[in-house]
Amino acid sequence: MTHLRKPEYLPPQVLDAHLQVSAPAESAGGLAAVRVALTASVQQMGVARAVSALLDVNQATGFDCPGCAWPDPDDRRSVAEFCENGAKAVAEEATRARMTPELFAAHSVDELSRQTDLWLGQQGRLTHPMYLAAGASHYAPIAWQTAFEKIGNRLKSLASASEAVFYTSGRTSNEAAFIYQLFVRLLGTNNLPDCSNMCHESSGYAMSQTIGSAKGTVSLRDFDAADCLVVIGQNPGTNHPRMLRTLQDAARRGCQIISINPLAEAGLKRFRDPQELSGIFGAGTPLATHHLPVKINGDVALLKGIQKVIVENHPSAVDREFIAAHTAGFAALDRDLRSESWDAIVQSSGIAESDIRRVAAVIARSRAMICCWAMGLTQHQNAVANIQEIINLLLLGGHFGRPGAGACPVRGHSNVQGDRTMGIWERPSPEFLRSLGAEFQFTPPSAAGYNTVEAIEAMHAGKVKVFFALGGNFLSAAPDTSYTASALQQCELTVQVSTKLNRSHLITGAEAIILPCLGRTERDMQQSGAQFVCVENSMGVVHASQGRLDPASPHLMSEPAIVAALARATLSSDWSHFAANYDTIRDRIARVIPGFENLNARIRQPNGFELPHPVRDRREFRTPSERAQFTVHAIPNLNVGENRFLLTTIRSHDQFNTSIYSLNDRYRGIHGGRRIVLMNADDILAHKLAAGDAVDIVSHHLGIQRRAKNFRIVAYEIPRGCLASYFPETNVLVPIESVAELSHTPTSKSLIVSVERVAQ
Ligand code: SF4
């Protein structure tokens, strides 16, 4: 059922008018980081609001940064406990700009959808609930109660709860996430896809299978004890910037830091800590001691090469005692590594045998190693194998359950790990459902729900009537943008709980509702007084977050209050107590979720508390065999083909997920534009192209082509045969059915593409 008024989807695909390219930066941080952070903060928030917010962010009694999930250094917080991108994320939310009903009246959905994502984000905070009637061209204000009745009636009219999908973005607090999943399961479905499906799902899957836990096994204090840090498929300088201070401290201790990434990112070369004079006026601290510019998706080969050198040439580095006591499968791995050919390793990784041997020797000397990774490993067809090769490498040296050692998948969204812990998952464990059912006296649905890709396919097939998103920008974050756009348009009703205008408000079902919510930075007054929420960071620390800024509008509701009102309108359940005092939600969490016992008392401790972790705390591997499992993986045969490249989608430095802060990416020397493609200079020559040429990027998958138009070629230090370009602009190239084996994560990091010069 398509709708007549629907605008053409894609944002303008035109060449950037003011693109400038300079040499990439040799360091991250420095005075520029301070200047950019303060400029963005004062421009958006004004001086007073900026000072108040920046002195409150990531403080023990303040609010949690709405950016990434890097933990706070509880024992040594600074007055300015934020990074440049944290300041931008705060400014983005606490902006004084307002997207009012008057602006919606002035701009039709068609007009708005032709604007860039940057422009949409700059329109500011939503102030009122808005409704787009069937066939209407403009959003109009709607009363909260009317909105809830519309949603409730539509949900009650469904033939089955599985005709509704409830998406969650990683910013949602634990309290909101817990009652949201309860609401959805009381409705009768597990259709709870989340942004984790598109990012670290492969990590969770790979680790659950091998070490019996989906969460990282290290705490921040472990970084003080490590003698070797491997940072693979991650760009901390942009995506987890406070991690640079942790790396700096380690480097100054003589810790070896190995960077594995197709791109030599400034944030792993050198850090100029803006909180130190030497960082402002000096050259800063060199970080990576070794950089391996692996080819896109060459990680399995590289990691096997490193392991091969260790088992063959550094037998003392193989922790036989740990392996005998705690693991299974070593013999098969050992055989496979010894039989693996160096030709295959070098050809697939793009790294010379001598360089692999050099790094393997460093790792072999390590007595306490941590491996950190992010999307660069998780969004490939063989993503689970990528991560299990890291687990193999750590198991070889016994790097689990001792200080300074372990696995560290670094989460990109502030509470994405917490949401999963609260039950936001389409494939909940039987234990969780039993505990939830016992606490709330019902039988939760046990059939798996749709993950993100399955939800899009179900919408596209007309099986979903209602799409509800708690935060996020689903359309721009999702793969195969045109396909996802038409999928959303198949729905009868789409509902977005949001703080700011984004593209998912413009590609809608027949009817659409926007519910504007409070942000992290804002005071949340409920019947029992000011409320706080709790979140869980990448390292399993649960802590409180309380905003103190005046809300952007008197017409906003908190996420827990929205869910409580939804339950009343749909289930006729009186959840007003949940909205009135979040302690009542936490009491329930304490009874349902292991590790959260006595939550209300423990969350009021300064710095919160650390969740137990069986692997970290006592080398307990909760696998079927109760042993950590070595796994054997073949080197993927990527078969890219003639005149084709592997493209990886990346973020710029002025971007957080799909929120665009500016058109600059100063660490990579990109200014005033986003439609660029990074290409090796020799490849440019070999393909008779030139830097600055305008090209279309075309992906090729199962005989189907997808096109992203008008990009400028930028000559860049990237392995031959590899390209890089920003998302969400290139998400249109990601085939919906191209997902990671087992984990189903979209393969946004390795797309087979060609580039076609376009006439200018
Ligand atoms: S490192 Fe992440 S959580 Fe910390 S201030 Fe920066 S963006 Fe926010």
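The values are calculated or read from the model by the stated rules, or taken from the named source; none is laboratory data. If you're wondering where the values come from, they're calculated on a predicted model, not measured in any experiment. Positions of Cβ are backbone-derived with ideal geometry, glycine not excepted, and every protein chain shown enters the neighbour counts. To get the accessible areas, we keep the full protein, side chains included, count just its heavy atoms, and leave off ligands, DNA and RNA. Shrake-Rupley method; radii C 1.70, N 1.55, O 1.52, S 1.80 Å.
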### Task
Anything over 26 Å Cα to Cα? Flag those among LYS150/LYS463; LYS156/LYS500; LYS156/LYS215; LYS465/LYS709; LYS88/LYS465, in the order listed.
LYS156/LYS500; LYS156/LYS215; LYS465/LYS709; LYS88/LYS465
#### Entry: As computed over segment 86-187, the Cα convex hull volume per residue (Å³)
147 Å³
### Query
FRET efficiency for ALA133 and ARG591, Cβ-Cβ distance as r, R0 = 45 Å, nearest 0.05?
0.60
### Query
How big is D for segment 315-387, in µm² s⁻¹ as a whole number, if Stokes-Einstein is applied with the Kirkwood radius of its Cα pairs at 10 °C and 1.306 mPa s?
108 µm²/s
### Task
Highest first, please rank the peptides 690-701, 711-722, 643-654 by the mean number of other Cβ atoms sitting within 10 Å of their residues.
643-654, 711-722, 690-701
### Helix-only [θ]222 nm of the chain, DSSP H runs n ≥ 4, -39500 (n - 2.57) each, per residue, nearest 500
-9500 deg cm²/dmol
### Query
With Rg and the Kirkwood Rh both taken from Cα atoms, where does Rg over Rh land for segment 222-307?
0.99
### Query
So what is the relative contact order of segment 1-127, in percent, for Cα pairs below 8 Å that sit 6 or more residues apart?
32 percent
### Task
Could you pull the Cα extents of segment 126-260 along its three principal axes, largest to smallest, in whole Å?
63, 36, 25
### For q = 0.10, 0.16, 0.18 Å⁻¹, Debye-computed log10 I/I(0) when each Cα of segment 201-410 counts as one equal scatterer
-0.39, -1.04, -1.33
### Message
Please list, by residue number, everything in segment 296-320 whose backbone N is under 17 Å from a paramagnetic label point 7 Å out along Cα→Cβ of ALA331.
### Response
320
### Query
So what's the chain giving for Rg/Rh, alpha carbon basis, Kirkwood Rh from the mean inverse pair distance?
0.94
#### Entry: segment 29-92: relative contact order as a whole-number percent, Cα under 8 Å and 6+ apart
45 percent
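How much net charge surrounds CYS199 when only other residues with a Cβ under 13 Å from its Cβ are counted (Lys, Arg +1; Asp, Glu -1)?
My count for the surroundings of CYS199 gives +1.
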### Task
Report the net charge of residues surrounding HIS380, where surrounding means a beta-carbon distance below 13 angstrom and charges are Lys +1, Arg +1, Asp -1, Glu -1.
-2
### Query
Regarding segment 29-92, what are the three Cα extents along the principal axes, ordered largest first, in Å?
31, 24, 19
#### Entry: Semi-axis lengths, Å, segment 184-266, gyration tensor of Cα atoms, sqrt of 5 times eigenvalues
32, 16, 13
### Message
Under 16 Å between alpha carbons, and skipping anything fewer than 8 positions from LYS304 in its own chain: which lysines qualify?
### Response
LYS295
### With DNA, RNA and ligands ignored, accessible area of PHE148 (1.4 Å probe; Å², nearest 10)
0 Å²
### Task
Just need the relative contact order of the chain here, percent rounded to a whole number, with Cα pairs under 8 Å and 6+ apart.
22 percent
### Summary
Pseudo-spin-label distance ALA159 to SER573, built 7 Å along Cα→Cβ, given in nm, is 2.6 nm
### Query
Given the convex hull over the Cα atoms of segment 120-162, what projected area results after averaging over all orientations, in nm²?
4.6 nm²
### Task
Sum up the charges of everything whose Cβ sits under 14 Å from the Cβ of THR584, counting Lys and Arg as +1 and Asp and Glu as -1, but leave THR584 out.
-2
### Query
Ranked from highest to lowest mean number of other Cβ atoms within 10 Å per residue, what is the order of the peptides 561-572, 376-387?
376-387, 561-572
### Query
Hey, any idea what the orientation-averaged projected area of the convex hull of segment 642-757's Cα atoms comes to, in nm²?
7.3 nm²
